[in-house]
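Inspection log for the structure reproduced underneath, given as structure tokens.
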Amino acid sequence: MALQASSFLPSAVTVHKEGKSSFVVKKDSAFLGISISDHHKSDFSVVSLRSKRSLAKKSNQSRGLTRAQTTSITTPSITRATTDGKKTLRKGTVVITGASSGLGLATAKSLAETGKWHVVMACRNFLKAEKAAKSVGMAKDSYTVMHLDLASLDSVRQFVDNFRRSEMSLDVLVCNAAVYLPTAKEPTFTAEGFELSVGTNHLGHFLLARLLVDDLKKSDYPSKRLIIVGSITGNTNTLAGNVPPKANLGDLRGLAGGLNGLNSSAMIDGNEFDGAKAYKDSKVCNMLMMQEFHKRYHEETGIAFSSLYPGCIATTGLFREHIPLFRLLFPPFQKYITKGYVSETEAGQRLAQVVSDPSLLKSGVYWSWNKNSASFENQLSQEASDAEKARKVWEISEKLVGLA
Ligand code: NDP
Ligand code: PMR
């Protein structure tokens with residue numbers, strides 16, 4: 001039976017025109033968890049979070065949060081001889097953040113079963129990741145779980161140290177992990193005091209990628225890649241990207257202020273906190289950073305930088321914080337009405353393609369897939385392809401994560 005779009009709209013929905021936005025819905029009771037706010041201008045500056053950071057560091061250490069598995073797997077030379085004397089490419093090593101569920105897990109499985117990849121599952125919950133790998137039947141020697149909590153910059157640095165100590169080569173890095181907090185009324189924060197969605201999805205990955213780009217450079221693998229997962233909902237040149245609250249980084253005053261919710265807003269644009277918007281803004285940052293990496297590093301290093309929209313994987317843990325009604329109706333809505341739905345397995349195959357397919361080696365590209373599941377280079381929205389904004393986000397982020 002076909003589902004009607006109107007059946008998803010709860011009674012609290014008020015549909016009206018306000019400026020450029022087409023409709024508004026009350027936040028807590030809605031299937032569409034949305035809100036709209038104004039843009040106020042004020043002075044801003046990058047705040048020093050050092051004391052907060054060192055406090056967070058001490059408390060993390062005392063709680064033993066930087067647990068990590070180390071491994072003695074070393075990288076063999078670039079080719080290996082087969083029994084018939086032919087030389088084939090050695091196994092590549094791919095690090096995937098958030099590989100304990102959803103897209104990350106499906107990608108890890110897809111790559112591991114080719115026998116051509118060793119997957120480093122960079123996860124905040126060691127046991128969950130280990131169980132997840134087993135549950136999808138990944139062979140024991142096809143993966144290594146290493147602890148990474150992107151909501152702590154100390155943990156990111158610790159992960160990089162542990163990875164380097166393992167002496168594995170880094171051939172591909174996939175920045176996949178994310179949190180989505182659409183029903184949160186108040187912001188929550190990372191160990192360093194950044195709003196959690198942008199802090200995890202953007203800043204944690206930014207530090208990780210900035211540090212690991214040196215390791216990618218050193219790899220002798222012929223097609224080195226750094227992939228940052230983006231999304232349609234961060235692109236306002238699409239229908240999905242026009243569902244309020246829309247992504248909008250504004251003039252970056254909140255980001256410049258440190259997203260701490262104290263002396264600055266928790267939102268990048270400096271406005272009132274909105275969890276759904278914070279996620280979409282973080283995806284814009286992800287797509288902008290991919291382009292800035294491309295600009296700064298591609299020519300010199302040959303690394304291919306790319307982003308993608310894997311399709312609407314409506315069944316993943318990403319929606320765990322959403323209201324039960326949303327979680328119930330979202331998959332059929334995407335399957336039968338928007339037809340944007342893809343299974344976790346299929347989305348995993350798509351991301352695996354971006355990791356290893358020779359035809360998807362172009363750098364600076366945002367990949368999408370059409371109805372026949374063929375990949376194509378997609379257009380980003382104006383904001384998500386704004387080179388000047390990318391440069392500013394990069395520079396502010398460098399300061400926030402302690403790289404500048
Ligand atoms: P899931 O919730 O299933 O996966 C997210 C992963 O991120 C989990 O493994 C989670 O770990 C991990 N994670 C969250 N916070 C942290 C942290 N602080 N440190 C380390 N890992 C963390 O969601 P999806 O698979 O759907 O999302 C994967 C990517 O796909 C995201 O980047 C998302 O934006 C993107 N995407 C998803 C779409 C969809 O329709 N689902 C559409 C477009 C893009 P844990 O298991 O411990 O919770
Ligand atoms: Mg959206 C072609 C239409 C399309 C697609 C591909 C998506 C993908 N969505 C579409 C349309 C619509 N959505 C429409 C018309 C509505 C209004 C009824 C709608 C609503 C909606 C909500 C409330 N959609 C959502 C939400 C979420 O909470 C999800 C979100 O924004 O998370 C940030 C979401 C999504 N829709 C998508 C995709 C891929 C999502 C998951 C978000 C992501 O990971 O970026």
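Taking first residues from region 184-203 that are among the small types (Gly, Ala, Ser) and partners that are open to solvent by 10 Å² or more (accessible area, probe 1.4 Å) and part of a strand (DSSP E or B), the Cβ contacts under 9 Å between residues at least 6 apart in sequence or on separate chains come to 199/189. Screening 148, 173 for residues that are more than 8 Å from ligand 1 (Cβ to nearest atom), within 19 Å of the chain's Cα centre (by Cα), modelled with pLDDT of 95 or more and within 21 Å of residue 213 (Cβ to Cβ) leaves exactly one candidate, 173.
Has region 115-137 got any residue that is within 16 Å of ligand 2 (Cβ to nearest atom), open to solvent by 10 Å² or more (accessible area, probe 1.4 Å) and touching a residue at least 40 places away in the same chain (Cβ under 8 Å)? Checking region 115-137: not a single residue is within 16 Å of ligand 2 (Cβ to nearest atom), open to solvent by 10 Å² or more (accessible area, probe 1.4 Å) and touching a residue at least 40 places away in the same chain (Cβ under 8 Å).
To keep it simple, each residue is scored yes or no on (1) farther than 30 Å from residue 112 by Cα; (2) touching a helix residue (DSSP H, G or I) at 6+ places or on another chain (Cβ under 9 Å).
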{"site": "340", "(1), (2)": "no, yes"}
{"site": "344", "(1), (2)": "no, yes"}
{"site": "363", "(1), (2)": "no, yes"}
{"site": "379", "(1), (2)": "yes, yes"}
{"site": "383", "(1), (2)": "yes, yes"}
{"site": "388", "(1), (2)": "yes, no"}
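Residues in region 289-309 that are part of a loop (DSSP other than H, G, I, E, B) and either more than 16 Å from ligand 2 (Cβ to nearest atom) or open to solvent by less than 10 Å² (accessible area, probe 1.4 Å) (or both): 302, 303.
Residue 200 falls short on exactly one of the conditions (1) within 16 Å of ligand 2 (Cβ to nearest atom); (2) open to solvent by 20 Å² or more (accessible area, probe 1.4 Å); (3) within 24 Å of residue 398 (Cβ to Cβ), and that condition is (2). Contact map, region 150-179: first residue aromatic (Phe, Trp, Tyr), second residue surrounded by 24 or more Cβ atoms within 10 Å (Cβ to Cβ) and part of a loop (DSSP other than H, G, I, E, B), Cβ cut-off under 6 Å, separation 6 or more or different chains; pairs are 159/148. Within region 299-308, the presence of a residue that is more than 16 Å from ligand 1 (Cβ to nearest atom) and touching a Cys at 6+ places or on another chain (Cβ under 9 Å) is excluded.
Looking at 110, 59 in this structure, which one is at pLDDT 95 or above, more than 11 Å from ligand 1 (Cβ to nearest atom) and not in a loop (DSSP other than H, G, I, E, B)? So that I can check it myself, show each step before the final result.
Working: 59 fails: at pLDDT 95 or above.
After ruling out the rest, the residue left standing is 110.
Checked against (1) in a helix (DSSP H, G or I); (2) open to solvent by 30 Å² or more (accessible area, probe 1.4 Å), residue 379 passes all but condition (1). Only a single criterion out of (1) at pLDDT 95 or above; (2) open to solvent by 70 Å² or more (accessible area, probe 1.4 Å); (3) not in a helix (DSSP H, G or I) is not satisfied by residue 372, namely (1).
In region 339-365, which residue that is of a type in the set (Val, Ile, Thr) and not in a helix (DSSP H, G or I) is nearest to ligand 1 (Cβ to nearest atom)? By that ranking, first place goes to 342. How many residues, within region 263-288, are within 16 Å of ligand 2 (Cβ to nearest atom) and either assigned to a helix (DSSP H, G or I) or crowded, with 24+ Cβ neighbours inside 10 Å (or both)? Here the count works out to 17.
Once region 203-240 is narrowed to residues that are within 15 Å of ligand 2 (Cβ to nearest atom) and either among the polar types (S, T, N, Q) or on the phi > 0 side of the Ramachandran plot (or both), the residue that is surrounded by the most Cβ atoms within 10 Å (Cβ to Cβ) is 235. Just to be sure I understand, how many residues within region 326-338 are open to solvent by 80 Å² or more (accessible area, probe 1.4 Å) and away from ligand 1 (no atom under 14 Å from the Cβ)? So the answer is 2.
The values are calculated or read from the model by the stated rules, or taken from the named source; none is laboratory data. If you're wondering where the values come from, they're calculated on a predicted model, not measured in any experiment. Virtual Cβ from ideal backbone geometry, glycine too; neighbours counted across all protein chains shown. Calculation scope for accessible area: heavy atoms of the full protein, side chains included, ligands and nucleic acids excluded. Shrake-Rupley method; radii C 1.70, N 1.55, O 1.52, S 1.80 Å.
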